[in-house]
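Reviewing the structure listed below.
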Amino acid sequence: MIVFSNVTLQRGTKVLLDRASVSINPGEKVALVGRNGAGKSSLFGLLNGTLHEDGGEIAVPSTWRLAQVEQNMPETAESATDFVLGGDTRLQQAQAELRAAEASGDGMAIAHAHALLQDAGAHDAAARAQMLILGLGFQPHELNRPVNSFSGGWRMRLQLARALMAPSDLLLLDEPTNHLDADAIEWLEGFLRSYEETIMIISHDRYFLDQSVNRIFEMENKHLTTYNGNYTDYQKQARVNREIRLRQYEN
């Protein structure tokens, strides 16, 4: 479980969060919504460690692995399949351990590395990577094309596939439907519905959120308000809450 306890976050002179407290249970699929400039990406920064809270505390289980889409444009001659495989850090570590063990001729270390590879699913890793690539709209003949031979939008699709390939307990997705067509978005919705770990999504695509999340965090007026359900459920509940607050203010 991730717990925000009285968290305050300030960027420059602007206070984005003021003593906000929420919790995220394992396996929840959360959408973070709010106006532009409310601080949604900054909250992601708190979770990935690039930013730190100015007050309060954020507790994330020490064993949790985090995955997110890199925002840089990949420049590599690696094939699309190899690039996406590179996102599986557990597999990469096992392969590196095997190379080191073979170089030293240590039989016990070699056996241990092979066990790690089995645990990492090395036998079908390439097939899993290619399933992600094809799901995001690539053609079979493009699986071995160099990454830098694709246009920018397609390279960002490969960055998304690489993040989905990574073993994680928390997956952060910031506008994941950018650069995707309708078929790829539909595929991604299905993938995320079957994803068993915790997900947090920032997206302006309301239909995508309706299909992909089961909880909403609204970032507004320096606070986080939580709603159960998808985006449509949130809209209904938020409308009622605003009407109640308006009546209270008028009274």
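So which of A67, A77, A31 ends up being of a type in the set (A, V, I, L, M) and open to solvent by 30 Å² or more (accessible area, probe 1.4 Å)? Break it down into steps so the answer makes sense when it comes.
On the way: A67 fails: open to solvent by 30 Å² or more (accessible area, probe 1.4 Å); A31 fails: open to solvent by 30 Å² or more (accessible area, probe 1.4 Å).
Matching residue, one of A67, A77, A31: A77.
Quick check on the stretch 85-101. Is at least one of its residues in a loop (DSSP other than H, G, I, E, B), more than 25 Å from G27 (Cα to Cα), modelled with pLDDT of 85 or more and touching a Pro at 6+ places or on another chain (Cβ under 9 Å)? So far as the stretch 85-101 goes, no, none of its residues is in a loop (DSSP other than H, G, I, E, B), more than 25 Å from G27 (Cα to Cα), modelled with pLDDT of 85 or more and touching a Pro at 6+ places or on another chain (Cβ under 9 Å).
Mind checking whether some residue in the stretch 162-182 is within 13 Å of S79 (Cα to Cα), in contact with a helix residue (DSSP H, G or I) (Cβ under 6 Å, 6 or more places away or on another chain) and buried (at least 21 other Cβ atoms within 10 Å of the Cβ)? Yes, there is a match, as at least one residue in the stretch 162-182 is within 13 Å of S79 (Cα to Cα), in contact with a helix residue (DSSP H, G or I) (Cβ under 6 Å, 6 or more places away or on another chain) and buried (at least 21 other Cβ atoms within 10 Å of the Cβ). Residues being open to solvent by 60 Å² or more (accessible area, probe 1.4 Å) and closer than 21 Å to T81 by Cβ: count how many of those fall in the stretch 98-122. Qualifying residue count for the region: 2.
Summed over the stretch 129-145, the residues that are free of Cβ contacts under 8 Å to residues at least 60 places away in the same chain, surrounded by 15 or more Cβ atoms within 10 Å (Cβ to Cβ) and not aliphatic (A, V, I, L, M) give a count of 4. Here I202 meets the list (1) among the β-branched types (V, I, T); (2) open to solvent by 30 Å² or more (accessible area, probe 1.4 Å); (3) under 17 Å from the mean Cα position of the chain (by Cα) almost entirely, failing just condition (2). The residue list N148, N241, N214 contains one member that is touching a strand residue (DSSP E or B) at 6+ places or on another chain (Cβ under 8 Å) and farther than 24 Å from S41 by Cα, which is N241.
Could you please find all residues in the stretch 149-184 being in a strand (DSSP E or B) and among the acidic types (D, E)?
Initially, the stretch 149-184 is screened for residues in a strand (DSSP E or B), giving 170-174.
The one that is in a strand (DSSP E or B) and among the acidic types (D, E): D174.
Can you confirm whether D82 is without any contact (Cβ under 8 Å) to a residue 24 or more places away in the chain and either under 19 Å from M165 (Cβ atoms) or surrounded by 11 or more Cβ atoms within 10 Å (Cβ to Cβ) (or both)?
On the way: without any contact (Cβ under 8 Å) to a residue 24 or more places away in the chain: yes; either under 19 Å from M165 (Cβ atoms) or surrounded by 11 or more Cβ atoms within 10 Å (Cβ to Cβ) (or both): yes.
Spelling it out, D82 is indeed without any contact (Cβ under 8 Å) to a residue 24 or more places away in the chain and either under 19 Å from M165 (Cβ atoms) or surrounded by 11 or more Cβ atoms within 10 Å (Cβ to Cβ) (or both).
Name the single residue that is farthest from D233 (Cα to Cα) among those in the stretch 24-43 being at pLDDT 95 or above and touching a Lys or Arg at 6+ places or on another chain (Cβ under 6 Å). Out of the qualifying residues, it is E28.
Being in contact (Cβ under 8 Å) with a residue 12 or more places away in the chain and under 11 Å from G34 (Cα atoms) is the filter here, so list the residues in the stretch 204-230 that pass it. Listed by number, the residues that qualify are H204, I216, F217, E218, M219, E220, K222, H223, L224, T225.
Exactly one residue among R90, R11 is basic (K, R) and in contact with a helix residue (DSSP H, G or I) (Cβ under 7 Å, 6 or more places away or on another chain), and that residue is R11.
The values are calculated or read from the model by the stated rules, or taken from the named source; none is laboratory data. Quick caveat, the model's predicted, so the values are computed rather than measured. Heads up, the Cβs are rebuilt from the backbone with ideal geometry, glycines too, and the neighbour counts pull from every protein chain shown. In case anyone asks, the SASA skips ligands and DNA or RNA and just uses the protein heavy atoms, side chains included. Shrake-Rupley method; radii C 1.70, N 1.55, O 1.52, S 1.80 Å.
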